[in-house]
1. Among the strands (runs of 3 or more DSSP E) contained in segment 135-252, which hold 2 or more residues that are modelled with pLDDT of 95 or more and under 20 Å from residue 437 (Cβ atoms)?
2. Does segment 518-525 include one or more residues that are at negative phi and part of a strand (DSSP E or B)?
3. Got at least one residue in segment 538-559 being touching a helix residue (DSSP H, G or I) at 6+ places or on another chain (Cβ under 6 Å), within 29 Å of residue 290 (Cβ to Cβ) and part of a strand (DSSP E or B)?
4. Within segment 452-478, work out how many residues are more than 13 Å from residue 421 (Cβ to Cβ), surrounded by 18 or more Cβ atoms within 10 Å (Cβ to Cβ) and under 29 Å from the mean Cα position of the chain (by Cα).
5. Would you list the strands (runs of 3 or more DSSP E) that sit entirely within segment 560-635 and hold 1 or more residues that are farther than 25 Å from residue 488 by Cα?
6. Determine if segment 426-446 includes at least one residue that is in a helix (DSSP H, G or I) and either touching a strand residue (DSSP E or B) at 6+ places or on another chain (Cβ under 9 Å) or farther than 29 Å from residue 462 by Cβ (or both).
7. Of all the helices (runs of 4 or more DSSP H) wholly in segment 20-121, which have at least 3 residues that are surrounded by fewer than 19 Cβ atoms within 10 Å (Cβ to Cβ) and at pLDDT 85 or above?
8. Can you report the number of residues in segment 449-475 which are over 20 Å from residue 493 (Cα atoms), in contact with a strand residue (DSSP E or B) (Cβ under 9 Å, 6 or more places away or on another chain) and in contact (Cβ under 8 Å) with a residue 40 or more places away in the chain?
C-alpha cells in the first residue's frame, strides 16, 4: 500500500513535469515561429542605431521650368552620448565652435538617449564650422547630411512661394499648401552598437532618402520680374503704405504674376515681421474698390439691357441726390450731357448711380455675387479673405447708389481681377489657380495636372464684347489714357477709392488702382495695379497706376509676341503728350512723292533708284512725330 502511494505520487509529478515541459516547448515554438518578427524588431531596436539623412523637398518651378525654390546640402551635428567618454572636453570644444554655453552643450551630450540632435545650434552648419567639428575627430560626434531650402530669386514672389521652418516644414504660401507633395521621406545610415553604445563591427545599412514631388506654377518668372521691378520703382518714387500687382490669363484663371510690397526674403525670413511674411496682399487685403468695380455694374446693365451705351443719354450736373445724400462727380460742375459710353469713359459717379437704379438692388447684388464677390475665390494659397457685401435686406437706395460705383463694399484684389477677367473673356468666371502640375523628381513624369475650372457663366459673349469695347474706349478716350499703347489694343478702367478709418472716410488718403487687359478684342492677359496712399502725386488712379500697368503690358507684348494691329481706337494727344501720328504708306511711290508724304519725319534711304520698294516702320501704324523712316529704293 505504501509503495503504491509512492508510485502514484511519482506518476503525478512526472505528468506535471512533462506537462510543464510541453508548455515550455509550445511557448518557445510559438515565440520562434509566430512572434519572431516582433522579437527580432525589439532586439534590433536595442542594438541598432540610425544617423538621419534628410530628404530634399521638391523643387518649385515657374511655367517654363525655371527653378524658384530648390535645396542646398548642409550638415548638422548629432551626438551619441554613450560613445562619448570625455564629455567635459567634448562639451567645451563644441560649445566654443558653435558659440553656445558649456552648460547647454553638456546637456546635449549627457542626455540619456541613444542619439541626440543638437538643435538648433547644430543645424544647417556652414562649411567652416562643420570642418572644425570634423577635425576634432571625437567618438560619438557625427556630422550628417541635411537639406536646406534655398530661393535663388530672393525676395521675388516671396508671398506666393512662402517659406519653410528649420525642420523643412512649409509655413506659408505654396510651401504650406502643397507641403504634403513637397515633403520627401527621410533616409538614414543604420549601424549597430552594444548595450553600452559602443559601435559594433557590423555592416552598415544605407536607407536612401526619397525626395519630394516637384511643383510647377502658372507663374511666368520673366513677367514676375517685371512687376517686381515696377513695385520697387513705386516704393522709391511714391513711398506708399502698400502696393500690389497681379496678372492673370483671363480665359483660364492662371495667375501669371503676383507680388506686393512690403515683401521679405524667404532665405532669411526671421528678419521680417510676421505681419509682413504672412500677409499676401493680393488675396488677403480687403478694401473699397472704387471705380474699377464699375465694370461689374456696366456688365450687369448691358446684360439686362437697362442701358444702351450709344443711344441713351445722361446729364451730369456734378452730383446726384439719393434720399438726401448728395453724391458728387469727381469733376467739379460735372460732365454735362453724356452718352452712357461717355459715362464709362469719364468714370462719372452720378451716371453709374443711375445705372444701378435702373438695375435695382436685387438684380445688381445677384450679378455681384455671380461675379464671385463676397466669398473666397478658392485660389490654392493660404490666407484668402472673403470681402464684405451689403445683404439685400440692408441695401437701401443709398447703399445701392454707392455700391454701383464701388463704395461701401469690401473686396480683395484676387476677386477684382477674377471678376473683370470674366467680364472680358466672353462671360465665364474661372477659379484662379497658381499650381499647374506636380511631377516625380527622378523622371519628371506628371502625377497631377491642375486644369482650368469654370465656376459659372455670368454674362453672354455679346455683352462681354460690349464691355471690352467700352473699356477700350476708356483707355483711348477717357480716364485710362495713360495706359494707351500705340498700335496695340488695350482696355481698362481706373479707380480712386477713398480709404475708411473707424467708419470715417480719410481725407487725402486713397487707394489708386487700374485694371487693364490686352488685346482688347481677344484678351490674353489682365493686369491689376493698386497703390495705397502714394505721396507727392495727384491722387488719381489714371495718373499713378495706369502708367504702371502700361509698363507691365509692354513687357507682356515682348514676352508673348502680341502682334501690332491697325484696328485699335486712335487716341487724341494733348500738347503735354509725345505726339504720335499714323505713318503714311509710301511703298510704290517715287522718292519725291514719298518725301512730300513724310514731311516732318527724318528720312534715311538705301539702294539706288527713284521708287520706294520697302519702308520701316511699316505704314499705317502709329509712330512718334519726327521718327526716323528708312526707305529702300530701286528702279
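The values are calculated or read from the model by the stated rules, or taken from the named source; none is laboratory data. The shown structure was predicted, so the numbers you read here are calculated from the model rather than taken from an experiment. We place every Cβ from the backbone using ideal geometry, glycine too, and count neighbours over all the protein chains shown.
1. Output list reads 214-217, 242-249.
2. Yes, segment 518-525 has at least one match.
3. no
4. Number of matching residues: 3.
5. Filter on segment 560-635 gives 602-607, 611-616, 628-634.
6. Checked segment 426-446: no residue is in a helix (DSSP H, G or I) and either touching a strand residue (DSSP E or B) at 6+ places or on another chain (Cβ under 9 Å) or farther than 29 Å from residue 462 by Cβ (or both).
7. Here the list reads 87-98, 102-109.
8. Within segment 449-475, residues that are over 20 Å from residue 493 (Cα atoms), in contact with a strand residue (DSSP E or B) (Cβ under 9 Å, 6 or more places away or on another chain) and in contact (Cβ under 8 Å) with a residue 40 or more places away in the chain number 5.
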